[in-house]
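Data first, discussion second: the structure below is written as structure tokens.
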Amino acid sequence: MLTDQRLHDLNRPLLAEHQLQFSYLADLLSRRQQDAQAVVQELVRFQVAIPSWALGTGGTRFGRYPLGGEPRNLEEKLGDVGLLHQLNRSSNSISLHIPWDIPQDIAGLEQLQREYGLVIDSVNSNTFQDQKDQAFSYKFGSLSHTERAVRQQAIQHNIDCINYGRQLGAKTLTVWLADGSNFPGQSHLRRAYLRTQESLAAIYEAMPSDWQMLIEYKPYEPHFYSMVIPDWGTSYSLCQSLGQNANVLVDLGHHLPNTNIEQIVGRLQQFGRLGGFHFNGSMYGDDDLTTGSIKPFQLFLIFNELVDAARDTAVTNPLVAYMIDASHNTKDPLEDLLQSVENILGAYAKALLVDREALHEAQETNDVARAEEILRDAFLLDVRPLVSEAYRQSGGALKPVQAYRAAGVREQLIQQRGKLSVSTGL
Ligand code: LRH
Ligand code: MN
Ligand code: MN
């Protein structure tokens, strides 16, 4: 763990330049009747959950190149997220994947959560792999399987996940279903949907009333002809059939190229069914790259929809759960996560700075160029001083990646855990 003093020392040489940049930007914004401090406060409040499966190297189904010092158990994963949170104060929660992260010592984990100031926000079920000693195989599906016994096993696994989550204070179950088919005719498309709906209803029934179920969709992979939940429409219809506590999860990588994701986000909020995000970056498909690394404008447009809906009293969407879902093969995963969170905060800051009244007026009068200019004005602003100021005010590092390197975090982790330690899970 980094001490406050160490963080302070790491910030000191950067402070004068930061203050210069921040006060320049604050002046500029105040000339535009915008309040830099108000944006900073929003950023300070914003928290993004870190997935337990993104803390080690993974990245492709081919080679894996461990970089050393990876967390070997859940306790060490909490330690890594604790470190990230110390650096950016924006990652106060962790998403677990069961059975990759079966909690053993509950009291010990609670103690660690208190120590690091972390919460466990969600548990993710896994019926996309067969586990050792499992009675039935998921080769031909899990919640949608043709055989009742297989479906029952998958339902029970989800209920087990809820029970683990309850012990740790989580209140969200995320379901991503790998079920689907590879060849036309292999699966009865409507019946597969109906069986899935029935299975999800059994899980939903077993869920405490203060929990929510998030249902992810994905157009292809691991199946390449059909997926049982391929799109937000299917996910939405399942949520509608289950009840108020089921909502759609949008994983940015789970769309076909050039899908207008911001419009999906807008629609789901309009219907009150946007439950959460899995942030990542994508060039082709489910690439799980650094959030905002490939399409920063799209990320901004997504946040623009979120901010717009949050300010519209006619929209009654539940609180959105923000999570990262990424995988790393070439970068240090912790550096990547710091970069991802920073890109998310930057996109959010820009969306907060959109002149919403002027945009609304341009839209209503069909002033196309003006509307676009208003968005570009916000998008092209360099908001990094606002993000750094948020880190500083909440007690983090002005430049988290730089601080991570200067403090020699990876080297220390390698010393503690060894050069060959490989993260559990993905
Ligand atoms: C599926 C997925 C899902 C998680 C993760 C491990 O592609 O994004 O959200 O279970 O992979
Ligand atoms: Mn995902
Ligand atoms: Mn994915």
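Descriptive notes on the structure:
- Applying a threshold of 6 Å to beta carbon distances and a minimum spacing of six or more residues, or different chains, the list of pairs starting in the stretch 287-300 at a residue that is within 19 Å of Leu352 (Cα to Cα) and ending at one that is away from ligand 3 (no atom under 16 Å from the Cβ) and among the hydrophobic types (A, V, I, L, M, F, W, C) reads Thr291/Ile344; Gly292/Leu299; Leu299/Ala347; Phe300/Ala347; Phe300/Phe379.
- Odd one out for Thr57 among (1) within 18 Å of Glu342 (Cα to Cα); (2) in contact (Cβ under 8 Å) with a residue 24 or more places away in the chain: (1)
- Residues that are part of a loop (DSSP other than H, G, I, E, B), of a type in the set (Val, Ile, Thr), within 14 Å of ligand 1 (Cβ to nearest atom) and surrounded by 23 or more Cβ atoms within 10 Å (Cβ to Cβ) are absent from the stretch 234-249.
- Those residues of the stretch 279-317 which are within 17 Å of Tyr217 (Cβ to Cβ) and touching a Pro at 6+ places or on another chain (Cβ under 8 Å), in sequence order: Gly285
- Hits in the stretch 134-179 (condition: assigned to a loop (DSSP other than H, G, I, E, B) and under 23 Å from Gly108 (Cα atoms)): Gly169, Ala170, Lys171
- Selection count where residues are buried (at least 22 other Cβ atoms within 10 Å of the Cβ) and not in a loop (DSSP other than H, G, I, E, B), scope the stretch 115-133: 5
- Residue list for the stretch 269-286, restricted to those being within 16 Å of ligand 2 (Cβ to nearest atom) and outside any loop (DSSP other than H, G, I, E, B): Leu274, Gly275, Gly276, Phe277, His278, Phe279, Gly281
- Only one of Ala326, Ala347 that is in contact with a helix residue (DSSP H, G or I) (Cβ under 6 Å, 6 or more places away or on another chain) and modelled with pLDDT under 95: Ala326
- Given (1) outside any loop (DSSP other than H, G, I, E, B); (2) within 13 Å of ligand 1 (Cβ to nearest atom), number of the condition His254 does not satisfy: (1)
- Across the stretch 175-213, the number of residues qualifying as within 16 Å of ligand 2 (Cβ to nearest atom) and touching a helix residue (DSSP H, G or I) at 6+ places or on another chain (Cβ under 9 Å) comes to 5.
- Of all residues making up the stretch 214-230, the number that are assigned to a loop (DSSP other than H, G, I, E, B), more than 15 Å from ligand 2 (Cβ to nearest atom) and surrounded by 17 or more Cβ atoms within 10 Å (Cβ to Cβ): 2
- Scanning the stretch 2-21 for residues that are in contact (Cβ under 8 Å) with a residue 24 or more places away in the chain, in a helix (DSSP H, G or I) and of a type outside the set (Asp, Glu) returns Arg6, Leu7, Leu10, Asn11, Leu14, Leu15, His18, Gln21.
- The numbered conditions (1) of a type in the set (Val, Ile, Thr); (2) at pLDDT below 95; (3) within 16 Å of the chain's Cα centre (by Cα) are all true for Ile50 except (2).
- Scanning the stretch 71-83 for residues that are touching a Pro at 6+ places or on another chain (Cβ under 8 Å) and either in a loop (DSSP other than H, G, I, E, B) or buried (at least 24 other Cβ atoms within 10 Å of the Cβ) (or both) yields Leu74, Lys77, Asp80.
- The residue that is surrounded by the most Cβ atoms within 10 Å (Cβ to Cβ), among those in the stretch 264-292 that are more than 16 Å from ligand 3 (Cβ to nearest atom) and among the polar types (S, T, N, Q), is Gln269.
- Flag if Tyr24 is under 18 Å from Pro333 (Cβ atoms) and surrounded by fewer than 16 Cβ atoms within 10 Å (Cβ to Cβ): no
- Scan of the stretch 153-178 for residues that are within 15 Å of ligand 1 (Cβ to nearest atom) and among the aromatic types (Phe, Trp, Tyr), ordered by number: Trp176
- Of the candidates Ala246, Ala192, Ala178, the single residue that is at pLDDT 95 or above and within 16 Å of ligand 3 (Cβ to nearest atom) is Ala178.
- The selection criterion, being under 17 Å from Leu173 (Cα atoms) and either away from ligand 3 (no atom under 15 Å from the Cβ) or polar (S, T, N, Q) (or both), does not hold for Ser237.
The values are calculated or read from the model by the stated rules, or taken from the named source; none is laboratory data. Everything quoted here is computed from the prediction, not taken from an experiment. Using ideal geometry, Cβ is built from the backbone for each residue, glycine included, and neighbour counts are taken over all protein chains shown.
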